[in-house]
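The block underneath contains the structure these notes are about, expressed in structure tokens.
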Amino acid sequence: MSQIRVGVGYDVHAFAEGRRLVLGGVEIPSDRGLLGHSDADVLVHALMDAILGAMRAGDIGQHFPDTDPEYEGCCSIDLLERVGGLMREAGWRLADADTVLVLESPRVSPYREAMRSEMARALGVEVDHVGVKATTTEGLGAIGRGLGVAAQAVVILERD
Ligand code: MG
């Protein structure tokens, strides 16, 4: 009997001037980016937490503490690659992942396929196993006022 686990991840980062906007491992042209200790890739953070959640292996704050200078300004996509390694070491494989970005602007749909490819590459899975969608909050709340970006991810892991 194979084991199946589900994991969910959620993250929010605020916009700030003078920062790059990196989502799903892809740099997106924007006059501002997200604030954080790392590159603040909110989508990759949500996906990593979903995978670690399904593994019952804590969360990204435990694995990559934001007090550690090693992760300052670092590429979250490289950390996703490390999470993928931990996942395989524990005998898990990614059956499927789906994600959603929540933001008012900029429009990210032109970068959707690039984000899927980049996150699938980092995890060593077919692009078919990683979904990316985007939505707005219709102007409601902090995200709706354009103050930041939220992301959610759900994954299913399998192990023999
Ligand atoms: Mg984060």
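The values are calculated or read from the model by the stated rules, or taken from the named source; none is laboratory data. Model, not experiment: these values are computed from the prediction. When we count neighbours, we look across all protein chains shown, and the Cβ atoms used for this are built from the backbone with ideal geometry, even at glycine. The protein model used for the area step is the full one, side chains on, heavy atoms only, and it has no ligands, DNA or RNA in it. Shrake-Rupley method; radii C 1.70, N 1.55, O 1.52, S 1.80 Å.
Check Gly61 against each of (1) open to solvent by 10 Å² or more (accessible area, probe 1.4 Å); (2) assigned to a helix (DSSP H, G or I); (3) at pLDDT 95 or above; (4) within 12 Å of the ligand (Cβ to nearest atom) and name the one condition it does not meet.
Just one mismatch for Gly61, condition (3).
Take the residues of the range 10-32 that are of a type in the set (Gly, Ala, Ser) and crowded, with 22+ Cβ neighbours inside 10 Å: which is farthest from Leu147 (Cα to Cα)? Give the derivation first.
We begin by selecting, within the range 10-32, every residue of a type in the set (Gly, Ala, Ser); these are 14, 16, 18, 24-25, 30.
Now drop any that are not crowded, with 22+ Cβ neighbours inside 10 Å, which leaves 24-25.
Numbers: Gly24: 19, Gly25: 21 Å.
Among those that are of a type in the set (Gly, Ala, Ser) and crowded, with 22+ Cβ neighbours inside 10 Å, it is Gly25.
Taking into account only those residues within the range 91-144 that are touching a Ser or Thr at 6+ places or on another chain (Cβ under 6 Å) and over 21 Å from Met48 (Cβ atoms), which is surrounded by the most Cβ atoms within 10 Å (Cβ to Cβ)?
The selected residue is Glu104.
Kindly evaluate Glu70 against the criterion of being modelled with pLDDT under 95 and out of contact with any His (no Cβ under 9 Å at 6 or more places or on another chain).
So Glu70 passes the test.
Pairs, please: C-beta under 6 Å, at least 6 apart or cross-chain, first residue without any contact (Cβ under 8 Å) to a residue 12 or more places away in the chain and in the range 72-90, second charged (D, E, K, R) and open to solvent by 60 Å² or more (accessible area, probe 1.4 Å)?
none
Restricting attention to the range 5-22, report how many residues are free of Cβ contacts under 8 Å to residues at least 40 places away in the same chain and either in a loop (DSSP other than H, G, I, E, B) or of a type in the set (Asp, Glu) (or both).
4
Please list, ordered by first then second residue, the pairs with beta carbon atoms under 6 Å, 6 or more apart or interchain, first in the range 112-125 and touching a residue at least 12 places away in the same chain (Cβ under 8 Å) and under 18 Å from Arg88 (Cα atoms), second among the hydrophobic types (A, V, I, L, M, F, W, C) and in a helix (DSSP H, G or I).
Ala122/Ile77; Ala122/Leu80
Take the residues of the range 33-56 that are assigned to a loop (DSSP other than H, G, I, E, B) and open to solvent by 30 Å² or more (accessible area, probe 1.4 Å): which is nearest to the ligand (Cβ to nearest atom)?
That would be His37.
Kindly indicate the residue of the range 64-77 that is open to solvent by 30 Å² or more (accessible area, probe 1.4 Å) and within 13 Å of the ligand (Cβ to nearest atom) and also nearest to Ile28 (Cα to Cα) among those meeting that condition. Lay out the reasoning, then the answer.
Here is the first cut: in the range 64-77, the ones open to solvent by 30 Å² or more (accessible area, probe 1.4 Å) are 65-70, 72-73, 75.
In the following step, the residues that additionally are within 13 Å of the ligand (Cβ to nearest atom) were identified as 65-66.
Numbers: Pro65: 26, Asp66: 23 Å.
Taking the candidates together, the pick is Asp66.
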